[in-house]
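Everything on this sheet refers to the single structure shown next.
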Amino acid sequence: MRRIAFLLAALMVMAIPAIASADDTGTVRVVHGVPGLTVDVYANAAYDAPLLTGFEFGQVAGPLELPAATYEIEIYAAGADPVTTDATLSKTVELPAGVSATIAAHLDADGAPLISVLVDDISAIAAGEGRVTARHLAAAPVVDIWAGDAPLFTAVPNGAAGVADVPAGTYPVQIVPTGATEPVVFGADVEVPEGTNVVVHAIGSLDDGSFTVAVFAIDGLHSAPAGVPAGNGGVASTVGLLSLALGVLGLAVLASSRRTVRD
């Protein structure tokens, strides 16, 4: 299993010639997890050519193949002048060759925004199984993950993630704040397809009612040769995915003998 963790290096392909070979590139997906903030994004101080404009909370962009390199990402409120205005968020982002990475802008446990770079697990998945990656990137308390009427995993904090391979199928799950008895979300039947890593990000804040999810799937990870792994692309709202993805957040612990949890 690889290490876990916003934003928007994905569309820097617009400004960088696609001259690198596959061995010199990485794959990037980007997640906007800061509520109430629509942004424009710039890379390497190219202020005359924003990489993305009007990027909204809950959206996901990618996947894109980018040259392996170090990028300076700056995020501004939509419409702000980057020459005369301080960036809302900034971070130096390194993209190694051969890596699938998620860049996420999200809230810490106290509600402060930050940028995290997270590595996706694209290793082969055994026949008959799927993979679940669950990332807690919301301003929310630690949670317990339930399947049925018992907790399978307890005290998951902000910034932590779980990764597990599970038999492909449909699972009923619940998410319950640690120490509570009522779930944040009631049980949902969640499908995990064979050979696919379903990656779920809990984002937003419970306090202001913006708690939701951003989700994407990386397919083509079957252990038998089936070409180069590829993911579902485009910029997608999480509307309609809430019940599915909140349920998926619990599946990272269904295979207890193989689960991995990292801060």
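This table checks each residue for (1) open to solvent by 60 Å² or more (accessible area, probe 1.4 Å); (2) over 21 Å from Ala49 (Cα atoms); (3) outside any loop (DSSP other than H, G, I, E, B).
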{"site": "Pro63", "(1), (2), (3)": "no, no, yes"}
{"site": "Leu66", "(1), (2), (3)": "no, no, yes"}
{"site": "Glu72", "(1), (2), (3)": "yes, no, yes"}
{"site": "Gly79", "(1), (2), (3)": "yes, no, no"}
{"site": "Ala101", "(1), (2), (3)": "no, yes, yes"}
{"site": "Val117", "(1), (2), (3)": "no, yes, yes"}
{"site": "Val132", "(1), (2), (3)": "no, yes, yes"}
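Of the residues in the range 44-59, how many are at negative phi and either in a loop (DSSP other than H, G, I, E, B) or open to solvent by 10 Å² or more (accessible area, probe 1.4 Å) (or both)? Don't jump to the end; show me each part of the working.
Looking only at the range 44-59, we keep the residues that are at negative phi, and these are 46-53, 55-57, 59.
Now restrict to residues that are either in a loop (DSSP other than H, G, I, E, B) or open to solvent by 10 Å² or more (accessible area, probe 1.4 Å) (or both): 46-53, 56-57, 59.
Residues in the range 44-59 being at negative phi and either in a loop (DSSP other than H, G, I, E, B) or open to solvent by 10 Å² or more (accessible area, probe 1.4 Å) (or both): 11 in total.
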Ala105 vs (1) among the hydrophobic types (A, V, I, L, M, F, W, C); (2) in contact with a helix residue (DSSP H, G or I) (Cβ under 6 Å, 6 or more places away or on another chain); (3) modelled with pLDDT of 85 or more: all pass except (2)
By residue number, the members of the range 24-43 that are open to solvent by 10 Å² or more (accessible area, probe 1.4 Å) and under 12 Å from Ile103 (Cα atoms) are Thr27
Applying the selection to the range 164-189, what residues are at pLDDT 75 or above and closer than 21 Å to Ala109 by Cα?
-> Val176, Pro177, Thr178, Gly179, Ala180
Out of curiosity, is Gly240 at pLDDT 70 or above and assigned to a loop (DSSP other than H, G, I, E, B)?
-> no
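The values are calculated or read from the model by the stated rules, or taken from the named source; none is laboratory data. Computed from a prediction, not measured in an experiment: that's the story for all the values here. Every residue, glycine among them, receives a Cβ derived from its backbone with ideal geometry; neighbour counts consider all protein chains shown. Side chains are part of the model used for accessible areas, which takes the heavy atoms of the whole protein and leaves out ligands, DNA and RNA. Shrake-Rupley method; radii C 1.70, N 1.55, O 1.52, S 1.80 Å.
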